[in-house]
Amino acid sequence: MSKNSVIETVDQIATYAKEKGIVHLSTQDDALNGNIIRIDNKEVVNYGSCSYLGLEFHPKINKAAKKAIDDYGTQFSASRAYISPKYYDELEEKMDEIFNAKTIVTPTTTLGHIAAIPVLVAPDDAVILDHQVHNSVQTAVQLVKAKGTHVEMIRHNRMDMLEERVRKLKEKHSKIWYMADGIYSMYGDLTPVDEVYELMNKHKELYYYVDDAHGMSCYGKNGRGYVLGNREIHKKMILATSFAKAFATGGGLLVFPTKELAQKVRNCGGPLLSSGPMQPSALGAAVAMADMHLSGEIKEYQEKLHENIKYTNLLLKKYGLPNMGEPISPIFFVAVSLPKVGYNLIERLLNDGYYLNIGIFPTVPIKNTGVRFTITGLHTFEQIASMVKAMAYHYPIALEEEGFTLEQVYKAFKLGIPEGTIGLPEEEKSTNGLDVLHAKTILDVNREEWDSLLGDRGTYDWNGLNVLENSFTGNDIPEQNWDFDYIVIKDDSGKPVLATFLTAAIAKDDMLMPEDISIEVEEKRKEDPYYLTSKTLAVGSFLTEGYHLYLDRTSKYWQKAMQILINKISELQDKYQATTLMIRDLDNSDDVMDNFMVDNGLFKVPSPENNSINKISWTNDEEFLASLSKRSKKHFKQDVLRHKDKFEVDVRSDLSEAELKHCYDLYMNVKNNSYGLNTFAIPFKFFKVIANNPNWEIITLKLKGAYDSRKNRKPVAVTFSHKGASQYSFLLVGIDYKYNNDHNSYRQAMYRVISRAQKAGYDKVALGYAATTEKRKFGATQADACTYMQVKDNFSLEALNSMSTNKKSKKEVHGTDKGRV
């Protein structure tokens with residue numbers, strides 16, 4: 001999943017949530033009254049505020065802000081590199097006293113990260129990101145990654161992994177920066193500060209950069225925050241925090257262990273030189289707020305907040321609601337798992353007068369969706385009690401309406417299931433009157449019926465699936481053994497509404513990532529073959545292509561059938577312990593299906609480009625040439641016809657074991673040079689199975705003696721293709737690269753496949769994924785298809801996206817089918 005795919009997915013989810021009226025909302029109040037806000041002409045209690053102490057209405061703070069405007073106007077427009085209003089000096093002096101360390105005030109926390117990180121982190125340093133560190137930190141890290149700094153990610157709060165990576169990285173890096181949050185903004189859990197301090201004391205190379213935005217003011221003496229609440233700043237540590245949450249004025253702060261380091265960031269940090277400063281009103285308010293912190297008055301507000309937090313935790317426990325937050329955090333996250341359950345519960349609570357937020361992808365894995373709310377000092381016990389009681393009432397109703405169980409929620413979050421909270425037995429789960437066949441082998445599926453539904457779409461007719469079962473079971477290597485499942489759903493008249501098959505297999509998490517990332521990952525797999533791999537459950541398989549789902553959209557039951565399929569897939573996902581789910585390949589422009597999938601916790605990504613020639617209307621080379629574009633005609637003449645007579649071409653069904661092994665070696669040549677679609681190698685057993693199967697063809701290309709001086713001339717190219725009912729499918733290719741540049745053997749192989757399809761009487765030839773530029777030269781077009789995915793754990797995705805992408809990838813061998821497996 002590329003970064004562009006992430007953007008498209010987030011856009012889709014946000015648009016859908018906006019349509020449901022739960023995000024991108026605006027207040028309608030002329031003036032706010034405490035924690036009551038008006039949305040859609042209705043007053044609701046606000047449980048989405050991060051102003052945890054409720055000080056935004058404090059008269060001292062408001063008065064100071066107004067006086068600053070009277071004295072300095074609405075803005076003081078000048079770079080801090082030249083001059084600053086007096087409030088800056090006053091504020092930084094007071095913050096120095098609060099933290100007993102040197103501080104720099106920044107316009108926002110995000111700009112503080114962007115100012116500090118590029119100055120602190122050198123190109124030869126290394127950065128280790130916590131999996132859940134705030135996006136603003138990750139954004140700033142992109143600036144140093146672009147300059148060559150090594151960046152990687154570890155699982156959330158895993159100090160064992162951190163120490164392991166420090167031990168490895170310090171062989172090459174003198175400074176290793178661990179970057180984390182103090183209190184994490186979704187689940188409200190905490191960074192293990194004491195453990196990080198211990199590791200810094202143990203490893204001189206380890207440094208700590210931590211964002212304590214949600215802890216500021218709420219904890220510690222003088223409101224120093226969670227991270228430094230009861231400890232001094234470490235000499236190898238930088239802390240960033242926010243004035244825009246409990247501090248209630250806007251702005252940010254950087255805290256340093258030395259004056260020299262602070263001055264270096266002040267001198268060189270980009271946003272501190274050219275970005276606009278905090279404005280007088282915010283600065284005046286911040287100075288007054290700092291006085292409140294230093295006077296000890298802040299303690300009263302902290303105690304009120306912590307009383308509310310304790311009370312909320314007691315109520316959540318009383319009603320058995322699955323809260324993922326920490327007992328001391330003002331951030332609460334009630335697990336619901338699927339987005340559709342979250343949308344339902346949020347809407348219900350909004351209708352009852354309570355405004356809460358949805359926690360959804362990309363801030364959490366999409367199947368770890370939850371209802372996120374915050375508690376502040378402005379909430380009364382009565383408000384908290386009524387909201388939690390309403391949530392306890394609506395929670396089971398939302399689950400029931402969306403066909404989900406509490407047991408499934410606990411499984412999605414890997415929580416122990418409390419006694420008495422179990423889902424319905426399998427035999428009681430409703431199939432809405434539809435007949436469901438679930439088979440483990442194609443032998444238990446009616447051959448004629450299967451082929452009538454899916455037999456003309458590619459290599460997965462009944463016979464083709466029998467070949468896959470025989471090839472991908474009973475092998476020695478784990479990734480070459482697949483689990484197969486077949487689902488056929490019929491209406492009450494016996495008419496099929498839905499049919500598909502699924503495979504579960506170990507897959508490379510970087511399968512769809514850019515080539516340079518896969519190359520980097522493969523280097524690590526030389527030591528650990530299963531590095532960044534996971535069990536994947538897919539509609540279809542890694543060796544088939546096309547529309548794997550038969551769905552009768554004219555049937556009034558199609559959505560019910562799809563929901564049954566999703567429920568079955570969820571059960572299989574748990575059974576196989578699959579981290580990733582893929583439903584491929586579906587129409588990319590189906591808004592109804594998009595919304596259905598998002599409701600069920602799946603996001604859309606583009607499928608790899610699938611190439612095909614959909615209408616073969618020519619009978620010879622001249623007619624084929626005439627069907628091509630002007631540029632493709634030139635290519636065909638120079639790169640194909642010019643070399644045509646160099647080759648001996650045979651359709652083989654009598655390959656010896658040694659000949660088949662040579663063909664397999666040619667395939668492995670391509671596999672080992674292919675990273676665009678990075679998968680595991682196909683077992684030799686598959687090639688043995690198809691070698692004598694009448695539904696498969698192996699075409700070998702040998703160079704004639706004038707062009708190949710070897711005594712024992714062997715094929716320099718081989719293709720493996722499937723003969724379907726109405727489609728000829730080019731599945732795999734093998735190349736001897738020593739002969740490719742001079743004789744264009746790859747392009748010749750492509751031409752021979754297309755020619756063979758025409759001679760065999762096919763109107764359509766499927767040319768598969770990747771090498772799209774090459775295939776377009778032969779007149780291929782690309783299907784507009786998408787894949788719907790569900791990732792239980794975002795770690796691999798974010799770890800891969802955090803890897804450096806400025807390294808040069810291996811040179812592509814011209815004319816090879818890059819990434820084709």
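The values are calculated or read from the model by the stated rules, or taken from the named source; none is laboratory data. This is a predicted model, so every value here is computed, not measured. Cβ atoms come from the backbone with ideal geometry, glycine included; neighbour counts cover every protein chain shown. SASA here: full protein model, heavy atoms, side chains in, ligands and nucleic acids out. Shrake-Rupley method; radii C 1.70, N 1.55, O 1.52, S 1.80 Å.
Details
- Being of a type outside the set (D, E, K, R), touching a residue at least 12 places away in the same chain (Cβ under 8 Å), more than 24 Å from ASN611 (Cα to Cα) and not in a helix (DSSP H, G or I) is a property that ASN693 has.
- Long-range neighbours under 8 Å by Cβ, at least six apart or interchain, first residue in contact (Cβ under 8 Å) with a residue 60 or more places away in the chain within segment 573-589, second part of a loop (DSSP other than H, G, I, E, B) and loosely packed, with under 15 Cβ neighbours inside 10 Å: ASP587/ASP784; ASN588/ASP784; SER589/ASP784
- Segment 417-468, subset small (Gly, Ala, Ser), farther than 19 Å from GLN573 by Cβ and open to solvent by less than 80 Å² (accessible area, probe 1.4 Å), residue modelled with the lowest pLDDT: GLY420
- All positions within segment 596-625 that are more than 19 Å from LYS568 (Cα to Cα), open to solvent by less than 70 Å² (accessible area, probe 1.4 Å) and part of a helix (DSSP H, G or I): ASP621, PHE624, LEU625
- Residues in segment 494-509 that are β-branched (Val, Ile, Thr) and out of contact with any helix residue (DSSP H, G or I) (no Cβ under 6 Å at 6 or more places or on another chain): THR500, THR503.
- Segment 678-690: number of residues that are open to solvent by 10 Å² or more (accessible area, probe 1.4 Å) and touching a Leu at 6+ places or on another chain (Cβ under 7 Å): 1
- Looking only at residues in segment 361-381 that are at pLDDT below 95 and part of a helix (DSSP H, G or I), the one that is nearest to the chain's Cα centre (by Cα) is ILE366.
- Looking across GLY819, GLY761, GLY815, one residue alone is assigned to a loop (DSSP other than H, G, I, E, B) and modelled with pLDDT of 65 or more. It is GLY761.
- Taking the criterion of being under 26 Å from ILE298 (Cβ atoms) and open to solvent by less than 10 Å² (accessible area, probe 1.4 Å), the residues of segment 170-195 that qualify are ALA180, ASP181, GLY182, ILE183, TYR184, GLY188, THR191, VAL193.
- Taking every residue in segment 774-789 that is in a strand (DSSP E or B) and pairing it with any residue that is of a type in the set (Lys, Arg), at least 6 positions away or on another chain, the pairs with Cβ-Cβ distances below 6 Å are CYS786/LYS604; THR787/ARG584; TYR788/LYS604.
- Note on segment 207-247: residues that are touching a residue at least 40 places away in the same chain (Cβ under 8 Å), surrounded by 23 or more Cβ atoms within 10 Å (Cβ to Cβ), hydrophobic (A, V, I, L, M, F, W, C) and assigned to a loop (DSSP other than H, G, I, E, B) total 7.
- Being within 27 Å of MET513 (Cβ to Cβ), in a helix (DSSP H, G or I) and of a type in the set (S, T, N, Q) is a description that applies to ASN740.
One line per residue, one yes/no per condition, for (1) within 30 Å of ASP492 (Cβ to Cβ); (2) buried (at least 16 other Cβ atoms within 10 Å of the Cβ); (3) not β-branched (Val, Ile, Thr):
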residue: PRO514; (1), (2), (3): no, yes, yes
residue: SER518; (1), (2), (3): no, yes, yes
residue: THR533; (1), (2), (3): no, yes, no
residue: THR536; (1), (2), (3): no, yes, no
residue: TYR547; (1), (2), (3): yes, yes, yes
residue: ASP552; (1), (2), (3): yes, yes, yes
residue: TYR557; (1), (2), (3): yes, yes, yes
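- Criterion (assigned to a helix (DSSP H, G or I), of a type in the set (Ser, Thr, Tyr) and modelled with pLDDT under 90) met by exactly one of SER632, SER570: SER570
- Residue count, segment 631-667 (criterion: in contact (Cβ under 8 Å) with a residue 60 or more places away in the chain, open to solvent by less than 60 Å² (accessible area, probe 1.4 Å) and under 17 Å from PRO683 (Cα atoms)): 4
- Within segment 699-718, considering residues that are outside any strand (DSSP E or B) and open to solvent by less than 10 Å² (accessible area, probe 1.4 Å), the one farthest from GLY761 (Cα to Cα): ASP708
- Filtered by the rule that a residue be more than 20 Å from ILE613 (Cα to Cα) and open to solvent by less than 10 Å² (accessible area, probe 1.4 Å), segment 719-746 gives GLY734, ILE735, ASN740, SER745.
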